[in-house]
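Down below is the structure, laid out as structure tokens.
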Amino acid sequence: MGKLFGTDGVRGIANQELTPNLAFRLGQAGAYVLSKEHPHPRIVIGKDTRISGDMLEAALMAGICSVGADVLRVNILPTPGIAYLTRTLDASAGVVISASHNPVQDNGIKFFSSTGYKLPDTLEEEIEELVLNDKKPWSLPIGGEVGRVIEIADAERQYIDFLKATVGSLEGLKVVYDGSNGAAYRVGPQVLQELGVEVIPLAVSPDGVNINAGCGSTHPEVLQQAVLDHQADLGLANDGDADRLIAVDEKGEIIDGDFIMVICALALKAKGVLAKDSIVVTVMSNLGLYIALKDAGIKIYETQVGDRYVMEELLNTGAKLGGEQSGHIIFLDYNTTGDGLLTALQLMAVLKEQGKPISKLAAQMQRLPQVLINVKVKDKKKSMENPYVLQKVEEVKRFLGDRGRVLVRPSGTESLVRVMVEGQDQEQLMRLAQSVVDIIKREEL
């Protein structure tokens, strides 16, 4: 597979790229690297609902137990729930088996440290070197020193109780909830109902192959119609591992991560509890977010795309709220990773407190037109360093001035270069974006 770790763990087509053998070796290497300071380590393992999860989980657990570590098995649970339990169960590390919003044929393995944070690059590189070079510095115990699998029967209940403790009653709200047939298919509706919400559930019947299939945060069309049909206050959609949230207002309009962050940041600022009066976003956030928050006196820190970079900046700056337009939002006061259900509860708490329709709260931000074009390339690095491409990008920047912006960046997971242009005139933006795309394609020849 070449380099194993991408921006969010090890990903690949299950049983073809991400094989049981690779999962076994990752289990051994991960347990060894993450547990050097623990004489008898304990590692939390959880997964989403995709069919390959059982296969990869079995291989991972075998690898972990073979080097003398115990597995704390929490079964199907959202990624942020696994991060939470890694901390509260006093585990040495945590592992999530999920490919998040990707289709069912994909899967992934993501590690958390004992503190519930994603691993720093140095530790991922150490695990990667052991696996790729087939190094085995660990000993293989025998007898009673072999690791065992311990079932955590109340894992869901622990996570639900944690979520409920972050808000008060939400009684009186009517919500359509789309669980993406993924990891939150049980805990999502459960936590909402226990907080007094009237819930209309969608995509909460996983069969192993329907995760993210025409549902969830990447396919909100059915949710939009259901909100209108049921005259609900809002709709909520998680992705496959429930670390993202996309909402829908009472009119059926999408409320993405930018709007959610604006709503929550402004509410926290008004109450005087927005840490450092700051927020962290990525370069992909809409220009409308910057305008809305700056007008309210909120400082904005910007990072490259990826929730791990948002987290790093939160820790560097002391801010406690940050996230991505995709709906991956971190409330650092509560959890160490993006949490789609936690985000939903914080959004609903603002709705309940302010007593306004969600569309009115979203109107605090005006989205500026944005054009995004993906260009397939042979060599992302070469395209990004091409002098003609760089020259064209600078031309577009000068033309837009302070009335817009252009961003050209490589995809973290595919052989694509993404061209994004933002401003006030949609047709003009299309022409400008296409002018950059044309140069990239010309230089590919």
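Given all pairs of different Cα atoms, what value in angstroms does the Kirkwood hydrodynamic radius of the chain take? This gives a value of 22.7 Å. Global dimensions of the stretch 289-399 from alpha-carbon coordinates: Rg and Dmax equal 18.0, 53 Å.
Rule-of-thumb check for the stretch 181-244: C-alpha Rg over 2.2 N^0.38 Å? Write out the running numbers ahead of the final one.
Numbers: Rg = 11.3 Å, N = 64, 2.2 N^0.38 = 10.7 Å.
For the stretch 181-244, the normalised Cα radius of gyration is 1.06.
For the stretch 385-426 versus the stretch 145-183, the inter-centroid distance based on Cα atoms is 41 Å. Partner lysines whose Cα lies under 18 Å from the Cα of residue 378, excluding those fewer than 8 positions away in the same chain, are identified as 3, 441. Here the gap between residue 398 and residue 16, fully extended at 0.36 nm per residue and compared with their Cα-Cα distance, gives a gain of 132.9 nm.
What shape does the stretch 1-145 have by the C-alpha gyration tensor, where a ≥ b ≥ c are the square roots of the eigenvalues, rounded means a/c under 1.5, and otherwise prolate means a/b greater than b/c and oblate the rest? Show your work: numbers first, answer last.
Details: a/c = 1.41, a/b = 1.17, b/c = 1.20.
Note, shape of the stretch 1-145 comes out rounded.
Report the antiparallel proportion of the DSSP beta bridges in the chain as a percent, rounded to a multiple of 5. Working shown, then result.
Values: 34 of 65 bridges.
Antiparallel bridges make up about 50 percent of those DSSP assigns within the chain.
Of the solvent-accessible surface of the chain, computed with a 1.4 Å probe and all protein chains present, 50% belongs to carbon and sulfur. Here the extension length gained between residue 270 and residue 415 equals 47.9 nm, from 0.36 nm per residue of separation less the Cα-Cα distance.
With a 1.4 Å probe and all protein chains kept in place, how do 112, 24, 259 rank by accessible area, largest first?
Details: 112 0, 24 65, 259 20 Å².
Solvent-accessible surface, decreasing: 24, 259, 112.
Using a simple spin-label model with pseudo-atoms 7 Å out from Cα toward Cβ, residue 158 and residue 36 lie 2.7 nm apart.
At a Förster distance of 30 Å, what's the computed FRET efficiency of residue 317 paired with residue 251, Cβ-Cβ distance as r, to 0.05? Could the numbers behind the result be given before it?
On the way: r = 35 Å, r/R0 = 1.18.
So, using R0 = 30 Å, E works out to roughly 0.25.
Given just the C-alpha atoms of the stretch 67-164, how large is their convex hull per residue in cubic angstrom? Walk me through the numbers on the way to the answer.
Numbers: hull volume 13.4 nm³, N = 98.
Looking at the stretch 67-164, the number lands at 137 Å³ per residue.
Taken as entire DSSP H runs, the helices of the chain that both span 18 Å or more between Cα atoms along their own long axis and average 0.5 or more on the Kyte-Doolittle scale are 20-34, 52-66, 257-270, 340-354.
What does the convex hull of the Cα atoms come to per residue for the stretch 107-213, in Å³? Before the final figure, lay out the partial values.
Numbers: hull volume 19.6 nm³, N = 107.
Cα-based convex hull of the stretch 107-213, divided per residue, equals 184 Å³.
Summed over the residues of the chain and divided among them, the accessible surface reaches 41 Å² per residue at a probe radius of 1.4 Å.
Once R0 is set to 45 Å, what does the formula 1/(1 + (r/R0)^6) return for the Cβ-Cβ distance between residue 444 and residue 171, expressed as a FRET efficiency to the nearest 0.05?
Details: r = 57 Å, r/R0 = 1.27.
E between residue 444 and residue 171, to the nearest 0.05, is 0.20.
What fraction, in whole percent, of alpha-carbon pairs in the stretch 45-116 exceed 19 Å separation? Before the final figure, lay out the partial values.
Working: 724 of 2556 pairs.
Here the tail beyond 19 Å accounts for 28 percent of pairs.
The values are calculated or read from the model by the stated rules, or taken from the named source; none is laboratory data. Predicted model only: the values in this text are computed from it and were never measured. Positions of Cβ are backbone-derived with ideal geometry, glycine not excepted, and every protein chain shown enters the neighbour counts. Protein only, heavy atoms only, side chains kept; ligands, DNA and RNA dropped before computing areas. Shrake-Rupley method; radii C 1.70, N 1.55, O 1.52, S 1.80 Å.
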